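Q: I'd like to ask you about the structure that follows.
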Amino acid sequence: MSFRFHPKIAAWFVVLLAFTLRLFALWTYGLHLTLGSDDMGYVRSAKQLLETGMLTYHRPDEPTVHIMPGMPLLLAALFFVFGTGDVGLYAAKLVMIAFGTGSVYLIYLLGNDLGRPWAGVTTALGTALFIPLIETDNLTLTEAPFLFGFLLFIRFAIRLGRHRHRADFYKLLAAYLFCLFFRPTIALVPFALLAYFLLIRYPLRLAIKQAAIAAVLVVLALSPWWVRNYMHYGEFIPLTGSSGDPLLLGTYQGYGYRYGPSYKEVVNTIETQHPTMTHYEKEKVKKAIAIERIKTWYRANPKQWWESYTIKKAKTQWEQPFYWIEIFGVSKQEMTAWHQRIIRLAFASALFALFTLKRQRRELLFFLLLIAYFTALNNVFFAYPRYNLPLMPILFLWIGLFLSSIAWRPNRKKAASP
């Protein structure tokens, strides 16, 4: 009687490994593992929310529209239970670790849903071992909860497309709203979902009905946020008002440095001329300046403009990992080398899988649409490796599908032989 190692058992071992590595990082580095920037900004925002009931970020006396409320609300709930001291911070990091570990299991389930459970195991292993993900799962950033919600969104999108169960539709919508309250960049992802539904020939009448229901529920979910923003700023702010700075920064990437004053000079001028402006008002000024810089740049050299906003910015996003702090003795140079190998193997695997895995081809195209969407969006603003970190499990899934297809072929031939 032979023993077969079931992929689900292997997956649970990988999940345990992921949890152990993240806990080991917490035990080794504790509260000292911090970027000292956005992660602590969310912590301060949550503490201020508890103390005053006001959502702030840059200034404690100024209501913010710089961020979505998901992260401050989550941290504030934890601080309410565990306090705002070290115990509360450890609790917050443990919750981030739970999200990160959950994502490892979700990416396995996604591979299993595609009919390739061992591809799911391989993908989960890559996600579990990828050091930048281990690091961010130990930081109070939006990456961990967003990735968890994003993988739920992808999984329920595929399940809805295949089975068309009403429960999967509402789960998909819940995952979308969850992600939206952490990162507004997911807002237009439904267009990628629409393209996927066209590929699988999703029933038009059902799609229209579900789109109408989704629109109503999204409006209901976001209405309190819209009312709050209007009360503070007297205008309709659908998500955040923080696009000015990344749009301006994006004009200094590629060939953009040569047009106009430096970024620091622009910011210093705004601070000097408008010292009493709110942060949101400064963002609007930065946005106006950025648009003028874009127009000037395009008129001066459209070829360089196109190259910068396509090839150069995409390269900036993907050629480096988001790995600010070295952990486990892995240097930034070593991590960059491994990251670049993963990127090359992942995209080569995707091309191979598109031609060889006919049953999963439409889902593979959906993944490509998601990668293209986030890459193009970040190209418009400020191209930065951090924004692609939640996409890395998709790349690991491409590799897992490629490896499983190689392993599957000899087994299939062997089974077919007399």
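The values are calculated or read from the model by the stated rules, or taken from the named source; none is laboratory data. Remember, it's a predicted structure, so these values are computed and weren't measured experimentally. Backbone-built Cβ (ideal geometry, glycine too); neighbour counts: all protein chains shown. Only protein heavy atoms, including side chains, enter the accessible area calculation; ligands, DNA and RNA are left aside. Shrake-Rupley method; radii C 1.70, N 1.55, O 1.52, S 1.80 Å.
Q: In this structure, is Asp38 over 28 Å from Thr240 (Cβ atoms) and of a type in the set (Asp, Glu)? Let's see the steps before the verdict.
A: Working: over 28 Å from Thr240 (Cβ atoms): no; of a type in the set (Asp, Glu): yes.
Considered against the rule, which asks whether it is over 28 Å from Thr240 (Cβ atoms) and of a type in the set (Asp, Glu), Asp38 comes out as no.
Q: Would you tally the residues in region 161-176 being within 25 Å of Glu143 (Cα to Cα) and open to solvent by less than 30 Å² (accessible area, probe 1.4 Å)? Explain how you work it out, then say what you get.
A: Of region 161-176, the ones within 25 Å of Glu143 (Cα to Cα) are 168-176.
When the remaining residues are screened for being open to solvent by less than 30 Å² (accessible area, probe 1.4 Å), the result is 168-169, 172-173, 175-176.
Counting residues in region 161-176 that are within 25 Å of Glu143 (Cα to Cα) and open to solvent by less than 30 Å² (accessible area, probe 1.4 Å) gives 6.
Q: So which residues in region 103-151 are open to solvent by 20 Å² or more (accessible area, probe 1.4 Å) and part of a helix (DSSP H, G or I), if there are any at all?
A: Tyr105, Leu109, Asn112, Asp113, Pro117, Trp118, Thr122, Leu125, Leu129, Ile131, Phe148
Q: Also, quick follow-up: Hey, any hits in region 77-89 for a residue that's free of Cβ contacts under 8 Å to residues at least 40 places away in the same chain, more than 30 Å from Glu319 (Cα to Cα), out of contact with any helix residue (DSSP H, G or I) (no Cβ under 9 Å at 6 or more places or on another chain) and part of a helix (DSSP H, G or I)?
A: yes
Q: Test Leu180 against the stated conditions and say whether it is touching a helix residue (DSSP H, G or I) at 6+ places or on another chain (Cβ under 7 Å) and either in contact (Cβ under 8 Å) with a residue 24 or more places away in the chain or within 17 Å of Thr64 (Cβ to Cβ) (or both).
A: Yes, satisfied.
Q: Could you say whether any residue in region 81-93 is closer than 30 Å to Ala353 by Cα and open to solvent by 30 Å² or more (accessible area, probe 1.4 Å)?
A: no
Q: Condition first: open to solvent by 100 Å² or more (accessible area, probe 1.4 Å) and modelled with pLDDT under 95. Now tell me which residues in region 9-36 satisfy that.
A: Across region 9-36, the qualifying residue is only His32.
Q: Return a yes/no flag: does region 37-48 have any residue that is modelled with pLDDT of 95 or more, among the polar types (S, T, N, Q) and open to solvent by 20 Å² or more (accessible area, probe 1.4 Å).
A: yes
Q: If you don't mind, there's one more thing I want to ask. If a residue must be open to solvent by 20 Å² or more (accessible area, probe 1.4 Å) and within 10 Å of the chain's Cα centre (by Cα), how many such residues does region 385-404 contain?
A: Total satisfying the criteria: 2.
Q: Being farther than 30 Å from Thr64 by Cβ and among the charged types (D, E, K, R) is the filter here, so list the residues in region 194-241 that pass it.
A: Step one: of region 194-241, the residues farther than 30 Å from Thr64 by Cβ are 194-213.
Correct list: Arg201, Arg205, Lys209.
Yes or no, residue by residue, for (1) closer than 26 Å to Thr142 by Cα; (2) touching a residue at least 12 places away in the same chain (Cβ under 8 Å):
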{"residue": "Ala195", "(1), (2)": "no, yes"}
{"residue": "Leu198", "(1), (2)": "no, no"}
{"residue": "Leu204", "(1), (2)": "no, no"}
{"residue": "Ala214", "(1), (2)": "yes, yes"}
{"residue": "Leu222", "(1), (2)": "yes, yes"}
{"residue": "His232", "(1), (2)": "yes, yes"}
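Q: Filter region 331-384 down to the residues that are in a helix (DSSP H, G or I), of a type in the set (S, T, N, Q), surrounded by fewer than 18 Cβ atoms within 10 Å (Cβ to Cβ) and out of contact with any Asp or Glu (no Cβ under 7 Å at 6 or more places or on another chain) and list them by number. I'd like the intermediate steps shown before the answer.
A: As a first pass, look at region 331-384 and keep what is in a helix (DSSP H, G or I): 332-356, 361-380.
Add one more test, that the residue is of a type in the set (S, T, N, Q), and what stays is 333, 336, 340, 349, 356, 375, 378-379.
Still in the list and also surrounded by fewer than 18 Cβ atoms within 10 Å (Cβ to Cβ): 333, 336, 340, 356.
Matches in region 331-384: Gln333, Thr336, Thr356.
Q: Return a yes/no flag: does region 259-268 have any residue that is hydrophobic (A, V, I, L, M, F, W, C), farther than 25 Å from Tyr57 by Cβ, surrounded by 14 or more Cβ atoms within 10 Å (Cβ to Cβ) and within 30 Å of the chain's Cα centre (by Cα). Spell out how you get there, then give the answer.
A: Here is the first cut: in region 259-268, the ones hydrophobic (A, V, I, L, M, F, W, C) are 266-267.
From what's left, farther than 25 Å from Tyr57 by Cβ: none.
Scanning region 259-268, I find no residue that is hydrophobic (A, V, I, L, M, F, W, C), farther than 25 Å from Tyr57 by Cβ, surrounded by 14 or more Cβ atoms within 10 Å (Cβ to Cβ) and within 30 Å of the chain's Cα centre (by Cα), so the answer is no.
Q: Could you please tell me which pairs satisfy a Cβ distance under 7 Å, a separation of 6+ or placement on different chains, a first residue in region 45-72 that is under 11 Å from Thr278 (Cα atoms), and a second residue that is assigned to a helix (DSSP H, G or I) and aromatic (Phe, Trp, Tyr)?
A: Short answer, once both residue conditions are applied: Val65/Tyr233; Val65/Tyr280.
Q: If we scan region 401-408, do we find a residue that is among the aromatic types (Phe, Trp, Tyr), in contact with a helix residue (DSSP H, G or I) (Cβ under 9 Å, 6 or more places away or on another chain) and modelled with pLDDT of 95 or more? Steps first, answer last, please.
A: Applying the first criterion (among the aromatic types (Phe, Trp, Tyr)) to region 401-408 yields 402, 408.
The next check asks that each one be in contact with a helix residue (DSSP H, G or I) (Cβ under 9 Å, 6 or more places away or on another chain); those that pass are 402, 408.
Applying the additional criterion that residues be modelled with pLDDT of 95 or more yields none.
Within region 401-408, not a single residue is among the aromatic types (Phe, Trp, Tyr), in contact with a helix residue (DSSP H, G or I) (Cβ under 9 Å, 6 or more places away or on another chain) and modelled with pLDDT of 95 or more.
Q: To continue, here is another question. Go through region 35-55 and give me each residue that's hydrophobic (A, V, I, L, M, F, W, C) and part of a loop (DSSP other than H, G, I, E, B).
A: Selection gives Leu35, Met54, Leu55.
Q: Any idea which of (1) free of Cβ contacts under 8 Å to residues at least 60 places away in the same chain; (2) more than 28 Å from Ala91 (Cα to Cα) is the one Ser243 doesn't satisfy?
A: (1)
Q: Any idea which of Ile311, Ile291 is without any contact (Cβ under 8 Å) to a residue 12 or more places away in the chain and open to solvent by 60 Å² or more (accessible area, probe 1.4 Å)?
A: Of Ile311, Ile291, the one residue that is without any contact (Cβ under 8 Å) to a residue 12 or more places away in the chain and open to solvent by 60 Å² or more (accessible area, probe 1.4 Å) is Ile311.
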